[in-house]
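The values are calculated or read from the model by the stated rules, or taken from the named source; none is laboratory data. All values reported here derive from a predicted model rather than from experimental measurement. Glycine also receives a Cβ, built like all others from the backbone with ideal geometry; neighbour counts cover every protein chain displayed. Heavy atoms of the whole protein, side chains included, go into the accessibility calculation; ligands, DNA and RNA do not. Shrake-Rupley method; radii C 1.70, N 1.55, O 1.52, S 1.80 Å.
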Amino acid sequence: MNDRLDPITAEIIRGNLVGITNEMKTNLMRTAYNQIIYEAQDFTVGLFDADGETVSIGLGLPMFVGGLSHAVKAMIEHFGVDGMHPGDVLLTNDGFLSGSHLNHIIVVLPVFAGGHVVAYSASMAHWADVGGVLGGTTHDIYSEGFQLPMVKIVKAGVEDRELLAIIELNVRFSNLALGDLRAQLAAVRTGETRVTELAARYGTDVLEAAFRAMFDASERRARAAVRAIPDGEYRATAEMDDDGVRVGRVPIDVTVRIDGDRFIVDLSRMSPQVAGYYNSGAAAGISAVHVAFKALTSPTEGPVNAGSFRPAEVILPPGTVVSAERPAAMRWWMTYPMTLVDCIFRALAPAVPDLAIAGHHADIGVATAFGQDPLTGQLFVFVHAAQGGGWGARRDADGESATICINDGDTHNTPIEANEVKRSGLLAVRYALRPDSGGAGERRGGLGTTFEWQVETDMRFNSSVERTVMAPWGLEGGPRPCPTPSGAGRPMGGSPRWRAARRTPFPSPPGSRSSSRQAGVAASATP
Amino acid sequence: MRYVGQEHVLTLPVEDGRIEPSALGLAFDEGHRARFGHAAPGQPIEIVSLRVSAVRAIPRRAPELLAPGSGTPDAAAQRPERLVLFEIGEGPRPCAVYERAALRAGDRIEGPAAIEEETTTTLLRPGDSAVVDGSGALLLEIGASR
């Protein structure tokens with residue numbers, strides 16, 4: 001430790017950093033214009049050190065645990081630390097940087113203290129619309145909306161009006177887009193103010209020493225946890241239903257090698273990038289490993305910081321479905337990495353049976369609907385998310401029912417009342433557990449859910465629920481549950497007729513009902 | 001108040017007297033900047049709710065008091081006895097049951113007894129006792145005669 005950094009100061013600074021990212025999160029939610037941010041919490045805020053390493057991250061979305069750090073490092077390389085000035089704010093939505101879809105707008109603010117950058121304050125938030133085709137599937141990134149490379153949206157305190165005008169012209173709801181951008185600025189400026197106060201109170205050298213001490217402490221704990229896993233090579237595979245465009249399964253293939261305190265995940269046997277929109281970038285592939293690694297080694301330690309992940313090494317050649325390259329389509333980036341997380345647990349189940357968990361529904365459970373609002377006559381785009389599903393059982397417990405998927409952590413489902421108030425053409429009919437949808441076994445899998453909307457205007461409906469063909473799995477001999485019967489559209493009063501609604505937007509005439517379902521999952525039947 | 005399109009609101013104090021819309025708008029921008037670190041001057045603003053607090057003196061009211069009873073609960077306050085298990089290993093024993101709403105001031109109850117009301121049950125173990133005071137409160141003495 002630094003001469004001037006005693007353990008008590010280090011601990012006070014650590015507590016402060018958690019508090020700062022919580023405040024950034026609150027300010028983003030309180031000032032946002034778009035429901036996906038203030039209700040569903042599809043965003044991430046964070047503080048990063050001068051090298052772009054994660055110091056503390058406030059997660060709505062664990063799947064984004066690496067995306068922000070990746071983008072901050074790219075910004076540092078692109079602009080150079082000499083190219084950044086007090087009052088600058090950087091922005092990008094490059095999907096191949098964030099690893100995710102173009103709706104994720106990343107805003108980064110370099111925090112200056114004592115004449116140099118001591119930290120970066122950053123936020124990612126999911127904008128309601130970034131242009132691109134409405135509904136259906138996409139075949140390349142260019143059909144998914146506008147792309148902004150790394151730019152300075154604010155230069156030395158002055159907003160770039162030309163860039164704002166370009167954004168304004170390329171999105172369907174410019175009032176939401178610009179409002180959400182202001183909310184992101186509020187969040188990163190909150191981080192800036194608080195970090196500046198910390199630096200003034202303790203000095204930048206103490207602050208930076210505290211970051212390093214925190215990384216080292218987290219690394220020690222994580223390495224100790226890895227040493228407790230028996231050495232060996234463990235492999236698990238699974239298959240995704242299809243890629244949204246072509247018929248045929250998509251292989252997920254994960255090898256985990258434990259070597260002392262090293263946790264090496266080899267993803268080189270993952271499917272090559274696919275024709276449909278289920279690709280994600282390398283930041284997402286690495287983040288998926290980090291999600292599983294954190295859950296296995298130090299799930300409750302905060303703040304989430306770069307030190308925790310040092311023992312995790314990822315072998316990930318370019319061009320796989322979780323390290324896709326331009327011009328891969330990425331709109332549904334989030335689905336496959338969740339099965340990757342499940343496969344890491346599945347691979348390690350023989351080594352750490354008490355920590356392992358059977359497969360879960362592994363999808364956000366998104367349905368989208370768009371059409372004309374009968375009251376206002378305006379276009380509306382409704383994103384139904386996130387919907388809970390069944391989680392896998394563990395040796396000591398049944399699986400959770402109706403719970404949001406692992407990569408979406410703190411993401412919430414939007415209250416029914418909030419959705420109905422904002423969209424006059426939709427009425428929620430029911431949100432129910434699906435009886436017997438979990439796998440059987442000594443420990444049962446959790447139950448999936450059914451959500452049913454009544455449609456009161458002409459609209460088109462898409463449901464992109466995964467595992468409609470390939471069910472999740474049990475452990476230790478537990479049977480698989482039934483796959484998810486996803487579907488849409490039945491005439492009111494008629495007999496149920498569910499139809500797959502993954503690819504083509506399914507027209508929903510007024511008076512019909514649309515439904516989105518989530519899988520129940522298998523149990524681990526312990527002998 | 002909030003910018004049109006936002007969900008969450010910021011509550012601002014307003015002084016007595018006539019409200020100038022432009023001054024209120026400036027106060028909102030400033031409040032938003034102070035609270036969230038950012039403001040959007042020129043964006044349309046809406047008032048979502050108005051809060052008024054008013055203070056005036058009202059005459060003090062005498063507290064409502066229960067009518068005094070005889071010192072033991074009326075027959076009207078008694079419900080049928082029931083068996084209650086107090087100690088594991090011992091058998092259940094008969095326990096008097098009272099309806100709290102029918103008790104009167106000064107009534108005294110010795111345990112074992114259960115005093116029932118719509119939202120809860122007060123259980124007196126053997127040796128405990130309760131006295132109803134003028135406000136209707138139960139003053140318990142735990143283990144008084146144990």
Filtered residues of the stretch A:29-62 (kept if open to solvent by 10 Å² or more (accessible area, probe 1.4 Å) and on the phi > 0 side of the Ramachandran plot) = A:Q41
Scan the stretch A:451-469 and report the pairs whose first residue is at positive phi and whose second residue is hydrophobic (A, V, I, L, M, F, W, C), with Cβ atoms within less than 6 Å and a gap of 6+ or a chain change.
-> A:R467/A:A519
Hey, any hits in the stretch A:4-15 for a residue that's within 14 Å of another protein chain (Cβ to nearest Cβ), in contact (Cβ under 8 Å) with a residue 24 or more places away in the chain, farther than 24 Å from B:R2 by Cβ and crowded, with 20+ Cβ neighbours inside 10 Å?
-> no
Of all strands (runs of 3 or more DSSP E) completely enclosed by the stretch A:378-487, which ones contain at least 3 residues that are open to solvent by less than 30 Å² (accessible area, probe 1.4 Å) and of a type in the set (S, T, Y)?
-> none
Across the stretch B:75-99, what is the number of residues that are in contact with a helix residue (DSSP H, G or I) (Cβ under 8 Å, 6 or more places away or on another chain) and either under 16 Å from B:S135 (Cα atoms) or open to solvent by 50 Å² or more (accessible area, probe 1.4 Å) (or both)?
-> 2
Tell me, yes or no, whether the stretch A:237-244 has at least one residue that is out of contact with any Phe, Trp or Tyr (no Cβ under 9 Å at 6 or more places or on another chain), more than 14 Å from every other protein chain (Cβ to nearest Cβ), within 30 Å of A:N34 (Cβ to Cβ) and touching a residue at least 12 places away in the same chain (Cβ under 8 Å).
-> yes
Before we move on, is A:T196 within 14 Å of chain B (Cβ to nearest Cβ) and either in contact with a strand residue (DSSP E or B) (Cβ under 7 Å, 6 or more places away or on another chain) or open to solvent by 30 Å² or more (accessible area, probe 1.4 Å) (or both)?
-> yes
Taking A:A183, is it crowded, with 18+ Cβ neighbours inside 10 Å, within 14 Å of chain B (Cβ to nearest Cβ) and farther than 26 Å from A:S298 by Cα?
-> yes
Could you say whether any residue in the stretch A:139-152 is within 23 Å of A:L28 (Cβ to Cβ), within 14 Å of another protein chain (Cβ to nearest Cβ), open to solvent by less than 30 Å² (accessible area, probe 1.4 Å) and in a loop (DSSP other than H, G, I, E, B)?
-> no
Count of the stretch A:441-487 residues which are over 30 Å from A:A369 (Cβ atoms), of a type in the set (D, E, K, R) and in contact with a Phe, Trp or Tyr (Cβ under 9 Å, 6 or more places away or on another chain) | 1
Can we say B:A62 is closer than 30 Å to A:R182 by Cβ and either among the small types (G, A, S) or buried (at least 16 other Cβ atoms within 10 Å of the Cβ) (or both)?
-> no
Here are some residues: B:P63, B:P44, B:P21. Which one is within 12 Å of chain A (Cβ to nearest Cβ) and more than 18 Å from A:N27 (Cα to Cα)?
-> B:P44
If you check A:D363 against the conditions, is it more than 28 Å from B:Q6 (Cα to Cα) and surrounded by fewer than 16 Cβ atoms within 10 Å (Cβ to Cβ)?
-> no
Can you find even one residue in the stretch B:47-59 that is surrounded by 10 or more Cβ atoms within 10 Å (Cβ to Cβ) and either within 14 Å of another protein chain (Cβ to nearest Cβ) or more than 30 Å from A:V188 (Cβ to Cβ) (or both)?
-> yes
Is it fair to say A:V322 is crowded, with 24+ Cβ neighbours inside 10 Å and assigned to a loop (DSSP other than H, G, I, E, B)?
-> yes
Is it the case that some residue within the stretch A:159-174 is open to solvent by less than 10 Å² (accessible area, probe 1.4 Å), within 14 Å of chain B (Cβ to nearest Cβ) and small (G, A, S)?
-> no
Which condition breaks for A:V226 when tested against (1) open to solvent by 30 Å² or more (accessible area, probe 1.4 Å); (2) assigned to a helix (DSSP H, G or I)?
-> (1)
So B:F86 clears everything in (1) under 24 Å from the mean Cα position of the chain (by Cα); (2) at pLDDT below 95 except one condition, right? Which one?
-> (1)
Take the stretch A:148-172 and flag every residue that is hydrophobic (A, V, I, L, M, F, W, C) and touching a helix residue (DSSP H, G or I) at 6+ places or on another chain (Cβ under 9 Å).
-> A:L148, A:M150, A:V151, A:I153, A:V154, A:L164, A:I167, A:V171
Is there a residue being within 14 Å of chain B (Cβ to nearest Cβ) and in contact with a strand residue (DSSP E or B) (Cβ under 7 Å, 6 or more places away or on another chain) anywhere in the stretch A:200-214?
-> no
Would you pick out the residues in the stretch A:16-28 that are within 12 Å of chain B (Cβ to nearest Cβ), surrounded by fewer than 20 Cβ atoms within 10 Å (Cβ to Cβ) and in contact (Cβ under 8 Å) with a residue 40 or more places away in the chain?
-> A:E23
From the residues in the stretch A:358-379 that are of a type in the set (A, V, I, L, M, F, W, C) and free of Cβ contacts under 8 Å to residues at least 60 places away in the same chain, which one is nearest to A:V171 (Cα to Cα)?
-> A:L375
Could you tell me whether any residue of the stretch A:76-86 is under 19 Å from A:N407 (Cα atoms) and open to solvent by less than 20 Å² (accessible area, probe 1.4 Å)?
-> no
